[in-house]
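Visitor: Encoded as structure tokens, here's the structure I'll be asking about.
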């Protein structure tokens, strides 16, 4: 659309849609720099010039110019995150808005419908998904039948709790603490009465979707790009969430009469098998698909990315150690996610590689470290430093993976274009 063309909508209408779309992007966990870029492209596609956008994880500033002067809006950030099906629809809608041509009023209505759409599999599917993904993570951590069974039961409890609190904004904020307290109390009560489970290995799987691994990783990415405010706020928010989860775990232990100094050590897996973690990764992917209402036809792509990231991590953990193996997982998962989205018309990249953050469990390591600090300060600090290296390696892997995809696209795309032209010319010469 050229600059001479008149806008097809009023400036206030465009401004409202832009800040609402920005809120939706932030609710997906998108980097603030990418949110700003997408909103500026939307403004340009509708002939709005001199656009300024400043996005933070908790606020958006937008300025537009029209014949009457400057229009400014300040909007708060999202109150809660979105499911995977909503994320996919938001990115599809955003891409259409950046191309222009669709009336803003229609885009507004579709965005409202996306934010209000019910879960694809209902509350029952969400609870079953929570149970399944928890069992998958337990198989990855400790393939012991009793640990897997105990973790799956706790996953069902957390699924019911999340379903109850999902539509109640007032209760959604303390949900991680409440969930951690309930899970911890049940686990330590079972241990107290003689159930032979590994407490930490059973505690982590039901709480894995509360762990802010993706938030901490994206925060480090934003710091790497020089976005100090957004990066710092995400990292501090993630760290506070870890503290709250740890508080819930300790509170649950206190309820059943187990003090931090008396927390039992993990037990040895009872019946470990080599293929169990791989089966656990597959089960985890199915559970994520159900629990977070992933879009249709997304499951094969999700499993492909999850298994690729997990295979890369497992192949390198013996060489570079646990701290840096996540780098190789995200180095492959990130470009693969973009390749699926842009070359194979699959779901948005964030839908396919976001579950990899939970599977690599960077937050689980730091949660154990914060818990250890309650009993052994030196060991806890060492563990937190290890967690910092984990986050940094995954963030670096994500950055380099995106750069790798861009480089391959430029190289392969140009080659593909040349081959296509040569093929068309050869066919034209063969025509009589």
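Laboratory data are not the source of any read-out in this text; all were calculated from the coordinates shown. Owing to the predicted nature of the structure, the values given are computational and were not obtained by experimental measurement. Quick reminder, even Gly has a Cβ in these numbers, built from the backbone with ideal geometry, and neighbours come from all protein chains shown.
Visitor: Full-extension gain between residue 193 and residue 296, please, as 0.36 nm times their residue separation minus the C-alpha to C-alpha distance.
Guide: Full extension of this stretch gives 32.7 nm more.
Visitor: Then there is this: Label residue 400 and residue 54 with points 7 Å out from Cα along Cα→Cβ: what is the distance between them in nm?
Guide: 3.5 nm
Visitor: Can you give me the C-alpha center-to-center distance between segment 282-326 and segment 45-97, rounded to a whole angstrom?
Guide: Segment 282-326 and segment 45-97 have Cα centres spaced 31 Å from each other.
Visitor: How do the peptides 206-214, 319-327, 68-76, 289-297 rank, highest first, by the average count of neighbouring beta carbon atoms within 10 Å per residue?
Guide: 206-214, 289-297, 319-327, 68-76
Visitor: Can you pull a Stokes-Einstein diffusion coefficient for segment 1-154 at 10 °C (1.306 mPa s), Rh from Kirkwood over Cα pairs, as a whole number of µm²/s?
Guide: Estimated diffusion coefficient is 91 µm²/s.
Visitor: Let me have the relative contact order for segment 1-149, percent, based on Cα pairs under 8 Å that are six or more residues apart.
Guide: Relative contact order for segment 1-149 comes out at 23 percent.
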